[in-house]
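Worksheet: the structure to be examined is printed underneath.
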Amino acid sequence: MDLTISASFLPQTDPDASLAFYRDVLGFEVRNDVGFNGLRWITVGPMEQPGTSIVLFPPGADPGVTEAERQVLAEMMAKGTYAVLLLATSDVDGTFDRLQAADAEVVQEPTDQPYGVRDCAFRDPAGNLLRVQQQK
């Protein structure tokens, strides 16, 4: 079987703030920015990985999602328990310093983990947990 990851989806509640974070702070390129009925879906990704994208989408946009479900999604996003993205780097300490300097919300400073990585964590503007790992 020949499978690759094409895109993953992360919810966003403020498209302009998410765009600025992923483009200006993380350095991802913008691949698409589509609006529909007052909502925006923004596709970004690392320049070095043109075949892999992240779609920043408005949560609860599906017409089948109830208002109660939208509320649960909003609560989970506010706590940072709805979505997680794992990023890899060859320099977790340098990456952490750059993200901290850009005022990203720090969740965990660089730490050596018992499972063989050094990692840190922060949140994007929507509250999604982003972990950055470096193999040891």
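The values are calculated or read from the model by the stated rules, or taken from the named source; none is laboratory data. These numbers were taken from a predicted model, which means no experiment stands behind them. With ideal geometry, Cβ positions are generated from the backbone for all residues, glycine too; neighbour counts draw on all protein chains shown. For accessibility, only protein heavy atoms count, side chains too; no ligands or nucleic acids. Shrake-Rupley method; radii C 1.70, N 1.55, O 1.52, S 1.80 Å.
In the stretch 58-90, what residues are open to solvent by 40 Å² or more (accessible area, probe 1.4 Å) and within 14 Å of Ala126 (Cα to Cα)? Scanning the stretch 58-90 gives Ala74, Glu75, Met76, Ala78, Lys79, Thr81, Tyr82, Val84.
One residue is enough: does the stretch 81-101 have a residue meeting the conditions within 22 Å of Ser6 (Cα to Cα) and of a type in the set (D, E, K, R)? Spell out how you get there, then give the answer.
First, pick out the residues of the stretch 81-101 that are within 22 Å of Ser6 (Cα to Cα): 82-89.
With the extra rule that they be of a type in the set (D, E, K, R), the set shrinks to none.
The answer is no, given that none of the residues of the stretch 81-101 is within 22 Å of Ser6 (Cα to Cα) and of a type in the set (D, E, K, R).
Taken over the stretch 91-127, the criterion of being part of a loop (DSSP other than H, G, I, E, B) and either open to solvent by 60 Å² or more (accessible area, probe 1.4 Å) or not hydrophobic (A, V, I, L, M, F, W, C) (or both) is satisfied by Asp91, Asp103, Gln113, Pro114, Tyr115, Gly116, Asp124, Pro125, Gly127. Here Asp14, Asp112 are screened, and the one residue that is more than 13 Å from Asp124 (Cβ to Cβ) and either charged (D, E, K, R) or in contact with a His (Cβ under 8 Å, 6 or more places away or on another chain) (or both) is Asp112.
Entry remark, the stretch 36-53: residues being modelled with pLDDT of 95 or more and farther than 15 Å from Ser6 by Cα number 2 in total. Taken across the stretch 38-47, residues that are assigned to a loop (DSSP other than H, G, I, E, B) and either within 17 Å of the chain's Cα centre (by Cα) or over 16 Å from Asp14 (Cα atoms) (or both) do occur, with at least one present.
The number of residues in the stretch 1-34 that are surrounded by 17 or more Cβ atoms within 10 Å (Cβ to Cβ) and either more than 15 Å from the chain's Cα centre (by Cα) or in a helix (DSSP H, G or I) (or both) comes to 6.
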